[in-house]
Amino acid sequence: MQRITILGATGSIGASTLDVLARHPDKYSVYALTAHGRVEELADACRRFQPARAVVGTADGAQRLEQLLAGLPISVEYGEQALCDVASCAEVDAVMAAIVGAAGLAPTLAAARAGKKVLLANKEALVMSGQLFMDAVREHKATLLPIDSEHNAIFQSLPQHYARDPQAAGVAKILLTASGGPFLNRAVETLGDVTPDEACKHPNWVMGRKISVDSATMMNKGLEVIEAHWLFGAPAELIEVVIHPQSVIHSMVSYHDGSVLAQLGNPDMRTPIAHALAFPERIASGVPQLDLTDMAALQFYKPDFSRFPCLALAFDALRAGGTAPALLNAANEVAVEAFLNREIGFRDIDRVIADVIDAVPHGPAPSIEAVLGQDARAREAARAAITQLRG
Ligand code: NDP
Ligand code: MG
């Protein structure tokens, strides 16, 4: 029986994880569930899965959750320290890291430092502090398994010995597929007018609002390029983004002998979640089998960097290294939130990020404290850029 903590249990990945766990009560038990503000949704999940502990964002939230769960043997807690504790305590075997954004860094790192099996959806944590995070994984012998569908596909398309000896694996390219999001074919000059709801209407995937906007700007793919760099020790030159609007191939690895290995499946996050939960075994996920004869043609294109400037900004940040990806990530989080709140337009998102990267000097990232300091400076600079845009 594996005991699981789900960080971000009320989100889109959290719900898909609970769906997979519910299919295998003989294999998994839920130790802790966490949320930020959606207390009623967390209470529903707690009644269904009966965790030992539940964590929310604030004392008020915890008080409400306690009332909703009165009579049940569930300890209710709040705040970052509690998140770190349910991710790292001895009672836990595996942690699903599915908090959105930089807020996920501390508890995800705590799980790695405690040597847990870390199922990583929270790509922002790795983008912010890649070297430090991977060092913690190695030092504390944690097991890191990618949930992001592309990285899970790459993981499945690499040989088992890749981690020990990447040179011997003969990898020529990592081909990261991207759907291109809802605005792949929309006239570029009309992109300034798109609404948050239009940006969140992804053609293939149902996801939280932040990652949906990231998919529309293709910053999501940019963050994923940086994520792939850290997960697979691959330099920027080895990673190529390929637009594949159908999202059937979830990514590929091209080898020196001319072979290309791919992982295919219906676009449903329960597949990578089930893969990582059971690895190296396979369990049912609830996702229907892919019917290849039922499929229209699969298409592939090169990305247009002028339509998607965020993708170029992310490649630049990866090449710059140090704290540059943390600046990129923080500026993007603030800009996306401002866009979702209708404070700025869609095309202002990349402007804010570029302004922040110009304004805030980046350098080495020797400690988490240094990364968090740069994260805070970038958020301040992003807010200043937004105020200027609005004025
Ligand atoms: P959602 O917005 O649907 O869910 C986010 C979760 O994080 C919720 O449980 C939310 O709680 C919690 N949360 C939000 N802010 C905080 C905070 N400050 N402190 C603690 N918890 C917080 O996001 P997704 O599930 O879509 O995405 C989660 C992560 O997975 C992201 O990093 C995303 O990039 C990654 N990912 C998602 C994919 C998808 O298909 N959705 C695919 C690949 C990666 P509450 O509900 O209470 O606000
Ligand atoms: Mg992805």
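Brief remarks follow.
- Members of segment 202-253 found to be without any contact (Cβ under 8 Å) to a residue 40 or more places away in the chain and among the small types (Gly, Ala, Ser), listed by number: Ser212, Ser215
- Conditions (1) among the charged types (D, E, K, R); (2) touching a residue at least 24 places away in the same chain (Cβ under 8 Å); (3) closer than 19 Å to Ala365 by Cβ: number failed by Lys117: (3)
- When segment 266-309 is filtered for residues that are surrounded by fewer than 21 Cβ atoms within 10 Å (Cβ to Cβ) and either aromatic (Phe, Trp, Tyr) or in contact with a Phe, Trp or Tyr (Cβ under 6 Å, 6 or more places away or on another chain) (or both), the ones remaining, listed by number, are Pro267, Phe279, Phe300, Tyr301, Phe305.
- Breaking point among (1) free of Cβ contacts under 8 Å to residues at least 24 places away in the same chain; (2) over 24 Å from the mean Cα position of the chain (by Cα), for Gln50: (1)
- Considering residues of segment 15-42 that are touching a strand residue (DSSP E or B) at 6+ places or on another chain (Cβ under 6 Å) and small (Gly, Ala, Ser) only, the residue surrounded by the fewest Cβ atoms within 10 Å (Cβ to Cβ): Ser29
- For the criterion of being surrounded by 24 or more Cβ atoms within 10 Å (Cβ to Cβ) and closer than 25 Å to Val213 by Cβ, Ser12 fails.
Okay, residues lined up against (1) modelled with pLDDT of 95 or more; (2) within 16 Å of ligand 2 (Cβ to nearest atom); (3) surrounded by fewer than 17 Cβ atoms within 10 Å (Cβ to Cβ):
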| site | (1), (2), (3) |
| --- | --- |
| Glu189 | no, no, yes |
| Asp193 | no, no, yes |
| Asp197 | yes, no, yes |
| Val213 | yes, yes, no |
| Ala262 | yes, yes, no |
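- Pairs, first free of Cβ contacts under 8 Å to residues at least 40 places away in the same chain in segment 4-32, second within 13 Å of ligand 1 (Cβ to nearest atom), C-beta under 6 Å, six or more apart: Thr10/Ala35; Thr10/Arg38; Thr10/Glu41; Thr10/Leu42
- All positions within segment 146-165 that are surrounded by fewer than 24 Cβ atoms within 10 Å (Cβ to Cβ), of a type in the set (Gly, Ala, Ser) and in contact with a Leu (Cβ under 9 Å, 6 or more places away or on another chain): Ser157
- Residues (in a loop (DSSP other than H, G, I, E, B) and surrounded by fewer than 20 Cβ atoms within 10 Å (Cβ to Cβ)) located in segment 310-343: Gly321, Gly322, Asn341, Arg342, Glu343
- Any hit, segment 277-297, residues being among the polar types (S, T, N, Q), touching a Lys or Arg at 6+ places or on another chain (Cβ under 8 Å) and in a loop (DSSP other than H, G, I, E, B): yes
- Restricting Asp268, Asp257 to those that are in a loop (DSSP other than H, G, I, E, B) and either over 29 Å from Gly208 (Cβ atoms) or in contact with a Cys (Cβ under 6 Å, 6 or more places away or on another chain) (or both) reduces the list to Asp257.
Residue-by-condition table, conditions (1) in contact with a His (Cβ under 8 Å, 6 or more places away or on another chain); (2) closer than 30 Å to Leu372 by Cβ; (3) acidic (Asp, Glu):
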residue	(1), (2), (3)
Val118	no, yes, no
Leu126	no, yes, no
Glu139	no, yes, yes
Lys173	no, no, no
Val194	no, no, no
Arg209	no, yes, no
Ala228	yes, yes, no
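- Filter result for Val206 (more than 24 Å from Met134 (Cα to Cα), surrounded by 24 or more Cβ atoms within 10 Å (Cβ to Cβ) and more than 9 Å from ligand 2 (Cβ to nearest atom)): no
- Residues that are touching a Leu at 6+ places or on another chain (Cβ under 7 Å) and within 13 Å of ligand 2 (Cβ to nearest atom), drawn from segment 215-230: Met218, Lys221, Gly222, Glu224, Val225, Ile226, Glu227, Ala228
- Inside segment 133-168, residues that are in a helix (DSSP H, G or I), touching a residue at least 60 places away in the same chain (Cβ under 8 Å) and either within 13 Å of ligand 2 (Cβ to nearest atom) or in contact with a helix residue (DSSP H, G or I) (Cβ under 6 Å, 6 or more places away or on another chain) (or both) make up a count of 10.
The values are calculated or read from the model by the stated rules, or taken from the named source; none is laboratory data. These figures come from a predicted structure and were not determined experimentally. Every residue, glycine as well, gets a Cβ built from its backbone with ideal geometry; the counts of neighbours run over all protein chains shown.
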